[in-house]
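Okay, so here's the structure we're looking at.
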Amino acid sequence: MNMIHRRICSSDSWGRAVREYMIPWTLRDVDLGADSLEIGPGFGATTRVLVGMVPKLTIVEVDPASARRLDAQFPDVTVIEGDGAHLPLPDNAFDSVTCFTMLHHVPSPAEQDRLFAETCRVLRPGGVFAGMDSRVSLRFRVVHLFDTMVVVDPKTLPDRLRAAGFTDIEVTPAVGRFRFRARKP
């Protein structure tokens, strides 16, 4: 992430937006079960909310420094330094997997598709994959100058999730964002 992005994502206002809007909107009517995985928590604003929603939370963070910081910040969370497209986790291990505003940081559509397939692999049958990401805007482009930005098209996401093995797919667009939900058969 570039400096602008780091400043925004580590701010109190971002944490408040995550707590008051993003997670409630994204996870409305979603049962996360007892054992949940979060992919790409970054600075931990989403983790801070999720930790109170599930009995057992595991997070996977690709950035080594962020993984260390998250491990120190959340002693009751299992923190794994790893790549969401190559999860170092067993098959059928989680009731749910979430990710919030991180898919556009995955460096290619092929890697995003691998992340979707890996997510399906680590979910238990009947498990849910839920998350949200941003849509393109001028502000979004400015925040991502000199940063990885591979935007997911919400119109193509259902087919991509289906190809990864998911069913019961819902994609809900909103101004500047979209949420998605899918289930492992």
Given the condition within 15 Å of the chain's Cα centre (by Cα), more than 16 Å from P41 (Cα to Cα) and buried (at least 22 other Cβ atoms within 10 Å of the Cβ), answer yes or no: does some residue in region 98-107 qualify?
no
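Quick check on region 9-41: of everything there that is among the polar types (S, T, N, Q) and in contact (Cβ under 8 Å) with a residue 24 or more places away in the chain, which residue is surrounded by the fewest Cβ atoms within 10 Å (Cβ to Cβ)?
The selected residue is S10.
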Considering only region 1-40, give the helices (runs of 4 or more DSSP H) lying wholly within it that have at least 2 residues that are out of contact with any strand residue (DSSP E or B) (no Cβ under 8 Å at 6 or more places or on another chain) and either farther than 23 Å from V106 by Cα or modelled with pLDDT of 90 or more (or both).
12-17
Pairs where the first residue, in region 42-53, is touching a residue at least 60 places away in the same chain (Cβ under 8 Å) and the second is of a type outside the set (V, I, T), C-beta under 8 Å, 6+ apart
G42/M1; G42/C9; G42/E61; G42/D63; G42/S66; G42/M102
Scanning region 74-85 residue by residue, those in contact with a strand residue (DSSP E or B) (Cβ under 9 Å, 6 or more places away or on another chain) and of a type outside the set (A, V, I, L, M) turn out to be F74, D76, T78, E81, G82, D83, G84
What are the pairs with Cβ atoms under 7 angstrom where one residue, in region 172-185, is in contact (Cβ under 8 Å) with a residue 24 or more places away in the chain and the other, located anywhere, is surrounded by fewer than 20 Cβ atoms within 10 Å (Cβ to Cβ) and among the acidic types (D, E)? Sequence gap at least six, or different chains.
F180/E170; R181/E170; A182/D168; R183/D168
For region 41-63, enumerate the residues that are of a type in the set (G, A, S), in a loop (DSSP other than H, G, I, E, B) and over 13 Å from D83 (Cα atoms).
G44, G52
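The values are calculated or read from the model by the stated rules, or taken from the named source; none is laboratory data. In this text, all values refer to a predicted model and were calculated from it rather than measured experimentally. Virtual Cβ from ideal backbone geometry, glycine too; neighbours counted across all protein chains shown.
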